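First comes the structure, then the notes that go with it.
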Amino acid sequence: RGMMTIGGLKPLAAESLPIPDLSLKGRVPPTNGSLTLDGAECPPEIKVWPEFHNGVAAGLRLPEKADLDDRNNPINRTWILYNRPPRTEPTNNNEESSTTNNSKNHAHGGFLLALGLRGHLTALEMTDIYEYLTQGTISLTVGVLLGMAANKRGTCDMSISKMLCLHIPSLIPQHFSAIDVASAVQASAVTGVGLLYQRSSHRMMTEFLLNEIGKRPDSDTSAFDREAYTLSCGIALGMVNLCIAEKAGVDRAAGISDLRVEERLRRYIAGGQSNEEEARRVRESNDRFSIPASSNGVENEKCSVIFETNMINTDITAPAATLALGLMYMKSGNHTIASAVSIPQTHFTLEFVRPDYLGLRVVARSLILWDEVEPTQEWIDTQIPNVIHSAYRSMRTIAKKTMEGRTPAKMRGVDYDRRAVRQIYANIVAGACFSIGLHFAGTGDERAKKVLFDCVVQMHKLREGSDAVSVVSKPEFPILETCLGLIALSLGMVMAGTGDLDALRLFKTLRWRHDKEIVYGTHMVFGVAIGLLFLGGGTMTLGREPEDIAALIAAFFPRFPTDSVDNQYHLQALRHLYALAAKKSDVCAIDVDTGERVFVPIETISEGALLAPTKKQVPFLLLNSDVPIRSIRVVSDEFYPMTFRLKKGTNHFFVKRRGPPEPRSLAGPWTSDNDMAKILSQLEYLSLHPVDKPFFTQLISQKQAKDRYGIILVFLALMNGLRSLEPTSSDSIDLMWSLRLVRSFTENDVVEETGGSRYLPIESRILPLLLERAFQKLIPMKGNGGQHLISILYG
């Protein structure tokens, strides 16, 4: 709902934003009977994050701050505080009221995040932020931290930085006592640091985030949801140093060259033994930032839940380091850096890398080698190691021969783990599809659509198939479902905002399955894919700038929750960062006469001289393209032709009808008999001289009169004003200035030529008659104050 309705509401200052209640009802097929979830039997935390997402979806309906006038912006501090739920103290006698109030607080936390994503949260004062943070609700704190950071993205604002650092234990000053901060709050604060310092290459934050990726748990509480926190550190590190290899402007890499970022990230990806020098650097930086070391210099990291030796735990560090390296060197084409995330080419070396991390390596490598990504099945196949490809093909061949009753030939060669082959193949294909989705996000590219559509169909057949070939090819169901959802999500990214019916039918088929193996994250990913298809109601698409790609990776990280309270591997609140990449791209035409939107056929002319113009019909969605549109040409028989360029940030243009516009003062469309009778009845009402009546009867039946239908309406309006002319009325003065403009227009003798014949235009025959009637009306008033009106008309 949040994706489909983003930016579609015009708020009123006197009304609060309605947040609908969560629907806890379901249908039981095949009778479609209704079944309601009994909340009394569920733990209270089961609705925390669904309520949060519900609040974000409601808040995203608000327009962006840039689309509103600052003087008449209804979304101000007063309006935001007006939407705040009342703060009540929980009592034992009123548990139901307390539960309802908590639900509203969770939804309000999501609402605050949405305000930040749309650029409105900075309307609050720091005292208001303090009141929110002191309430102690995790959802409110997460919404405020992420929302303020998203609102101030890339500004390095010190006040917001201090607020974020106070929620990161590793950055709390030494003289503070130990503060227990929830893992979800820590992850959101670290991601907020990445958003706030985006593309700044801030040295202190770079060093801190790099240390946090390899940090060992120092307490029992720091062991919970550790994967999500480390992943947030990796994404934040990539955002802070986003596209650090770009050659435009200042060399940002020079300021952090002594930190050996690439070398340490390589070690976090590949694993191995952590050296003493690196451990010493971590201890020194912790002492400098916040955490005091013991007096004898011995490490003070102690945790009774997890014991880690001096070996790097790649299960924790590899995803964060992989994405950080990919974001840092995005679009650089650096093959040396890309080799750090290359796929092993032998069965032996593949055993040292988790299969799901191979998919992340494909994504990171595609970000670095951006120009080498191609929307073809051949490119996807090149990402798969030859040993895996041949092993997977031989497994299917043996199964197929067995089905046909033939005895398969004995395979010679190196033995391999068939289970690992299935997992590696599925994850690499899913990672390659996700790379195509990122590269062609919001383009509607037909080649990308076809290859992703085929991959979704193949994965769906594996999921539903029960024959020998499908059984031997499919990995475990959770892995298969994750890969299927990721490919479907990639297809939704490519076709974002287009409302493609083929993709919609496919997604509806995928989401229909419901059994005990389908988890919460499965419904989430297919809902997101459908929402992307109708992003902004078909008026928005996804951007492809580096900042947009970073936001999409944070939002669509391929590890989906198993239930509504799962934040172990990825913080659920980050799923809404796609709103930072959503761009309004609809183009509409407005009739200059009626002020209404109209359908107009156009041609778009691209920069390439060899490309033929593309025919479209306005309104349409201006999709991303590597070849920018040079100009737009109106090619309609109903509207005047024109060629123009759309300015950046402008999504509309004005057109003028050739023939009569839709009449406003006269009901019904233009028809010669109907409109002639109505105009003549108006002329009778205005007491037109009988001599002029045959002239108008003949005039309005001519073709050129239909082309000047607006002139006749102007004539009737001014004639009606002359009937109520008063010398001292302000309306009469305005009427005289209008008639003076008419007189200046008629003094310019214009002769039109059609087929060799010359004639005066309709204006030159109608408007002098109007001036004559005005003069006859003013002569009797000359002695009663009408001299002033005559001077205006003829002055």
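Just so you know, all these numbers are worked out from the coordinates, no wet-lab data involved. This structure is a prediction, so every number in the text was calculated from the model and none was measured. When we count neighbours, we look across all protein chains shown, and the Cβ atoms used for this are built from the backbone with ideal geometry, even at glycine.
Some notes on this structure:
- Karplus-derived 3J(HN,Hα) values for segment 394-399, using 6.51 cos²θ - 1.76 cosθ + 1.60 with θ = phi - 60°, are 5, 4, 5, 4, 4, 5 Hz; glycine and proline are entered as x.
- Virtual paramagnetic centre 7 Å along Cα→Cβ of Ala254, amide N under 20 Å, in segment 188-217: 199-207
- Segment 331-375, Cα convex hull volume normalised per residue, Å³: 78
- Summarising the label geometry, the points placed 7 Å from Cα in the beta-carbon direction at His652 and Leu35 lie 4.8 nm from one another.
- Rounded Å value of the spacing that divides the Cα centres of segment 32-54 and segment 349-413: 41
- Flagged links, alpha-carbon separation over 26 Å, of Lys152/Lys648; Lys508/Lys647; Lys104/Lys516; Lys450/Lys648; Lys450/Lys616: Lys508/Lys647; Lys104/Lys516; Lys450/Lys648
- Ratio of Rg to Rh over segment 14-64 (Cα coordinates, Kirkwood Rh, two decimals): 1.10
- With 0.36 nm allotted per residue and the present C-alpha distance subtracted, the Arg71-Cys303 stretch has 78.0 nm of extension available.
- Relative contact order (%) - criterion: Cα under 8 Å, at least six apart; region: segment 327-424: 34
- Theoretical FRET efficiency, 1/(1+(r/R0)^6), r = Cβ-Cβ of Asp626 and Thr127, R0 41 Å, to 0.05: 0.30
- Projected label points at Leu22 and Asp180, each 7 Å from Cα along the beta carbon direction, are separated by 2.4 nanometres.
- Length gained when the stretch Glu351-Arg597 is fully extended (0.36 nm per residue, less Cα-Cα span): 82.5 nm
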